[in-house]
Amino acid sequence: MSYAAIAREEAAIVERSGLLGEGGAWAGRQMVSRFFIAGFGDEQQRSAWQTRLASVAISEPGVGAHPKLLITRAEEDGDGYRLLGEKAWVTNGPIADVFIVFAITAIENGRKRYAAFLVPRATPGLSIDEAPQYRALAPSRHCGLKLDRCKVPRSAILGAPGTAYETMALPFRDAEDAVGTFGLLGAFRFLLTRLALVEPADAALLSLGGLAALTSVFAEAADAVVSALDAGELSRRSAVLVGLRVLATDLLQRARAHREAFGPAHDAAADRVLGDIELSLSVARGPRQARQMRLGAELRRCCASPSHKSPC
């Protein structure tokens, strides 16, 4: 299944249900299988796991997914490795058959080297934590993992050892963001149907029309980004991907202002989807703001260059 097909189905699920978590959980399952298992697995790994539910475990408690701050490690032990550490916010983790666990295998010149390990759910020493802090974006389910010297064979390594963060984790974040824009698109389309249920007035129709127009712009840009992802050219659309998050934030603010001015005042479905959108936009806010700042810095350097002739 192409990334575009996954994205469009995610949008359709959210638009029908009003549940951003439902679409995200379904898309997450497809994304992990396509990106990690199909993309990096050998023949034996694909045969064993491509049709099973896999969850990726990168983030850790209190530090997110920053490679300099992660501490889960893999120690060589005979014919395999022992994994030690904790993971956090593992999407679909409570129902997963296998976990793709990122762990440090070496430190070279102060730089941590990572491998991704396939860890079956029944592996001794692996425990799943469904603490209350992991309950968000229902009905999707998340969990933490504790790895207490979990023994895995060398054949559990997915892809090339020592390069997992740069070859898997970073590109997956971009792919996840690109496909995830369609979850937001479905949520905004659902929200528009709720905001349209009030008595029409000129000011309300003007505001509602603006929201509809911006949602259409969002849809066109999201489609361009996911098409670039399928073509292997996502890097050429990186600024558009940043812009989609900026536009989503603006749409959320406009939708809240519209509802406050024109209603409906009491709508549990609207309350839920607004909260889900806000929570979704808060995830990995730091790295996304860093990308936006880099765009600003690049523009400033361009405009400051003596060879730059067009207005900034």
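Looking at region 118-130, can you tell me whether even one residue there is under 14 Å from K151 (Cα atoms) and of a type in the set (K, R)?
Taking region 118-130 and keeping what is under 14 Å from K151 (Cα atoms), we get 118-127.
Subset that is of a type in the set (K, R): 121.
Yes, that holds for at least one residue.
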Kindly establish whether R288 is surrounded by 14 or more Cβ atoms within 10 Å (Cβ to Cβ) and either in a loop (DSSP other than H, G, I, E, B) or modelled with pLDDT under 80 (or both).
yes
One residue is enough: does region 85-93 have a residue meeting the conditions of a type outside the set (D, E, K, R) and open to solvent by 40 Å² or more (accessible area, probe 1.4 Å)?
yes
Looking only at region 68-96, count how many residues are over 25 Å from the mean Cα position of the chain (by Cα) and part of a loop (DSSP other than H, G, I, E, B).
2
Can you tell me which residues in region 132-143 are free of Cβ contacts under 8 Å to residues at least 60 places away in the same chain and outside any strand (DSSP E or B)?
P132, Q133, Y134, R135
Criterion first (out of contact with any strand residue (DSSP E or B) (no Cβ under 7 Å at 6 or more places or on another chain), open to solvent by 50 Å² or more (accessible area, probe 1.4 Å) and closer than 17 Å to G28 by Cβ) does R135 satisfy it?
yes
Please find, among L195, L205, L241, the residue that is more than 20 Å from A5 (Cα to Cα), touching a residue at least 60 places away in the same chain (Cβ under 8 Å) and either out of contact with any Pro (no Cβ under 6 Å at 6 or more places or on another chain) or hydrophobic (A, V, I, L, M, F, W, C) (or both).
L195
Verdict on A115 being in contact with a Pro (Cβ under 8 Å, 6 or more places away or on another chain), under 21 Å from W26 (Cα atoms) and buried (at least 18 other Cβ atoms within 10 Å of the Cβ):
no
Within region 14-39, residues of a type in the set (A, V, I, L, M, F, W, C) and in contact with a Ser or Thr (Cβ under 8 Å, 6 or more places away or on another chain) come out as L20, A25, V32
Given the conditions (1) over 24 Å from D42 (Cβ atoms); (2) part of a helix (DSSP H, G or I); (3) touching a residue at least 40 places away in the same chain (Cβ under 8 Å); (4) of a type outside the set (A, V, I, L, M), every one holds for K146 apart from (2)
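With respect to I71, is the statement that it is farther than 16 Å from R154 by Cα, touching a residue at least 12 places away in the same chain (Cβ under 8 Å) and either hydroxyl-bearing (S, T, Y) or open to solvent by 60 Å² or more (accessible area, probe 1.4 Å) (or both) true?
It is true that I71 is farther than 16 Å from R154 by Cα, touching a residue at least 12 places away in the same chain (Cβ under 8 Å) and either hydroxyl-bearing (S, T, Y) or open to solvent by 60 Å² or more (accessible area, probe 1.4 Å) (or both).
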Matching residues in region 97-111 - criterion: being in contact with a helix residue (DSSP H, G or I) (Cβ under 9 Å, 6 or more places away or on another chain) and not in a strand (DSSP E or B):
D97
Open to solvent by less than 70 Å² (accessible area, probe 1.4 Å), among the basic types (K, R) and assigned to a helix (DSSP H, G or I): is that true of R272 in this structure?
no
Just one of the numbered conditions (1) closer than 30 Å to R113 by Cβ; (2) surrounded by fewer than 21 Cβ atoms within 10 Å (Cβ to Cβ); (3) at pLDDT 95 or above is not true of S55; which one?
(2)
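The values are calculated or read from the model by the stated rules, or taken from the named source; none is laboratory data. None of the values given here were measured: they were computed from a predicted structure. Note: ideal-geometry Cβ built from the backbone for every residue, glycine included; neighbour counts use all protein chains shown. The accessibility values were calculated without ligands, DNA or RNA, using every heavy atom of the protein model including side chains. Shrake-Rupley method; radii C 1.70, N 1.55, O 1.52, S 1.80 Å.
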